Each structure stands twice: as structure tokens, then as C-alpha cells.
Amino acid sequence: MTAELIDGKAFAAGLRARVAAQVPTFQAAASRAPGLAVVLVGEDPASAVYVRSKGKQTREAGMESFEHRLPADTGQDDLLALVEQLNADPAVDGILVQLPLPRHIDEQEVLLRISPDKDVDGFHPVNAGRLATGMEGFVPCTPLGCLMLLQDRLGDLSGLDAVVIGRSNIVGKPMAALLTQASCTVTVAHSRTRDLASHVARADIVVAAVGRANFVQGDWIKPGATVIDVGINRVEGKLVGDVDFASAMRVAGAVTPVPGGVGPMTIACLLRNTLVAAHRNAG
Ligand code: GUN
């Protein structure tokens, strides 16, 4: 058996097109385009690539991109002052501070300062709390993209067994909350989990977000399961996921490739969240 490939790249292109198609309606009503501010501190090469990509796709969707590049030695107070300025700017609907931040800056303090109404990353505790309690708020982009791919393939997820491997605030925890909301039976596994293979073996849905190359083995996976690989690891110059792709393809029903699976969904969901923020902030 060979699993189906889940084409996140194509799905993301469709989502971006749907968002772009709605921008003119907002613009006509508000007399301005939706605006996304992205803040990058320092010169981390991977972050610089993401930020460039975010700016390009924001403009392609017809939105305004405000990019703020600050030197690596920017003080925390200066960064917080910029966040406050963006919070107060009516042209800015969404604010994203690219992570990781340099070590001398307290990441939590910065995320706390972003207005929850402009928090298109969904990292503010107010939005994390809204997600956990089923209230409307902003949902982190990567798990939101994973949920969309799962629902596109499986339809109603209720009653399915899901294993989320990884418990980060950015992916694992919000992913588990989204799957719980979708009425899955959710197991959150992590580095201390005993006998991970036995948990994976029961799962109809596997979301791997551990940051370890080729970690999840095909022979752990239940035949026919849907496998979402959030990992982006560089091995000998090549990008690979957290799932051992070749062995997973022999057992699973469907697998997201790396690259071209979950990755493109993140920015597409960011644009979607920005449009939602614009409507809420203008309305
Ligand atoms: N760094 C890696 N992924 C992300 C993301 O989704 N948002 C932000 N702000 N930083 C990141």
C-alpha cells in the first residue's frame, strides 16, 4: 500500500486566493487595505527567509505589509515601545513578532504586550485561553493549517483517536485543543512519554511536532492513519520532517510531505487571521 500525499502547497494556494478575493470587499468598506506588521529582531537566516516570505505573500493578497527589522542588540524597552506603537496604529490589524527573539529579550513579556485583538499568531495567553475554552479568538497558524488539512481529507473528525507528539505553545498544545474541540480523543505525547509507539499505534490521526528528523517510524503507525508532519529539519542540506517518510508511506492512508505539506499552510493561515482581525478591528 502507498499512502496518498496531502498537497499542502496546493491547499495553501487555494486558501490564499480565497483570502485575496475577500480583500477588495474589506477595502471598499474601510477605505484601506488590511494591514499586517511583522517585526524581526536580529539576523537569524531562517527567520529572515520566513519574514521575507510573509511580506511577499501579504502584498500578493492585496494587504499592506509593514516590516520592522531591528538590530540584534535592540533593547527590550525599545521593542516593547514598537509593539505599543503598532497596537495604537489603526492601519495595523495584525502584529507578528518573529520568534525566536535574541536571548536578552524576555519573549513572554513581548507576547503579553501585543494587543490580543491584533495577535494574529494566537500566542497571547488571552487567545490561548479563548481556544482552550471554546471562545472565538485567534488560533496559532500552524495548528490551524493542520486542522484544515485534516478536515479536508477526513471531513468530520469526531470520535477519531488523535496523537499529538510535542507539547509546545506554538504547535502541540493548540493542536490538542483544536482536535479536542473537533471531538477527537486526544493524546499529547512528548519527550517523557513511555512507549510512544503504542500510543501512535492506536491513532487515526498522528500530528508530529517534535523537531527530531525522521523520528516517527512507519511500523508504529496504524494502517490507513492520516499523518501530519510539522517538522522541518535540515539533514545533510536536505529538508526532512519528524516522520520517517518512506516507511510511513508504506503504512499510512495519507501523509503530508516535507517540504510542501504543512509549511505553506502557516502563512496562508496568517493571512486568513489578518483578514479576520481587520474585519473585527474595523467593525
Ligand atoms: N517562528 C517560527 N514559527 C513562527 C510563527 O508561527 N510565528 C512567529 N511569530 N514566529 C515563529
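The values are calculated or read from the model by the stated rules, or taken from the named source; none is laboratory data. Remember, predicted model here, so these are calculated numbers, not experimental data. With ideal geometry, Cβ positions are generated from the backbone for all residues, glycine too; neighbour counts draw on all protein chains shown.
Cβ-Cβ under 7 Å, sequence separation 6+ or interchain: first residue in segment 265-279 and over 16 Å from Arg59 (Cα atoms), partner within 13 Å of the ligand (Cβ to nearest atom) and charged (D, E, K, R). Which pairs?
Close Cβ pairs satisfying both conditions: Ala277/Lys118.
Regarding segment 56-68, can at least one residue be identified that is small (Gly, Ala, Ser) and without any contact (Cβ under 8 Å) to a residue 12 or more places away in the chain?
No.
Kindly indicate the residue of segment 203-250 that is among the β-branched types (Val, Ile, Thr) and under 17 Å from Leu160 (Cβ atoms) and also surrounded by the fewest Cβ atoms within 10 Å (Cβ to Cβ) among those meeting that condition.
Ile205
Anything in segment 73-96 that is surrounded by 13 or more Cβ atoms within 10 Å (Cβ to Cβ) and outside any helix (DSSP H, G or I)? List them, or say none.
Answer for segment 73-96, where residues must be surrounded by 13 or more Cβ atoms within 10 Å (Cβ to Cβ) and outside any helix (DSSP H, G or I): Thr74, Asp89, Val92, Asp93, Gly94, Ile95, Leu96.
Mind checking which residues of segment 259-273 are within 15 Å of the ligand (Cβ to nearest atom) and touching a Gly at 6+ places or on another chain (Cβ under 6 Å)?
Result: Val262, Pro264, Met265, Thr266, Cys269.
Which one is nearest to Ala33 (Cα to Cα) among residues in segment 66-102 that are of a type outside the set (D, E, K, R) and under 19 Å from the mean Cα position of the chain (by Cα)?
Gly94
Quick one: in segment 127-143, which of the residues that are in contact with a Phe, Trp or Tyr (Cβ under 9 Å, 6 or more places away or on another chain) and either outside any loop (DSSP other than H, G, I, E, B) or more than 17 Å from Asn281 (Cβ to Cβ) (or both) is nearest to the ligand (Cβ to nearest atom)?
Filtering first and then ranking leaves Pro140.
Going by what's in this entry, would Val188 be described as at pLDDT 95 or above, within 13 Å of the ligand (Cβ to nearest atom) and outside any helix (DSSP H, G or I)?
Criteria not met by Val188.
Does Ala177 fit the bill of being farther than 19 Å from Leu111 by Cβ, buried (at least 20 other Cβ atoms within 10 Å of the Cβ), among the small types (Gly, Ala, Ser) and in contact (Cβ under 8 Å) with a residue 12 or more places away in the chain?
It is false that Ala177 is farther than 19 Å from Leu111 by Cβ, buried (at least 20 other Cβ atoms within 10 Å of the Cβ), among the small types (Gly, Ala, Ser) and in contact (Cβ under 8 Å) with a residue 12 or more places away in the chain.
Among Val92, Val97, Val49, Val83, which is more than 20 Å from Gly122 (Cα to Cα) and β-branched (Val, Ile, Thr)?
Unique residue meeting the criteria: Val49.
When you go through (1) within 20 Å of Gly261 (Cβ to Cβ); (2) in contact (Cβ under 8 Å) with a residue 60 or more places away in the chain one by one for Phe138, which number turns out not to apply?
Answer for Phe138: the failing condition is (1).
For the subset of segment 103-122 comprising residues that are farther than 18 Å from Asn281 by Cβ and buried (at least 17 other Cβ atoms within 10 Å of the Cβ), which member is farthest from the ligand (Cβ to nearest atom)?
Ranking the qualifying residues of segment 103-122, first place goes to Ile105.
Consider Leu99 carefully, then state whether it is at pLDDT 95 or above, within 16 Å of the ligand (Cβ to nearest atom) and assigned to a helix (DSSP H, G or I).
Against the criterion (at pLDDT 95 or above, within 16 Å of the ligand (Cβ to nearest atom) and assigned to a helix (DSSP H, G or I)), Leu99 does not qualify.
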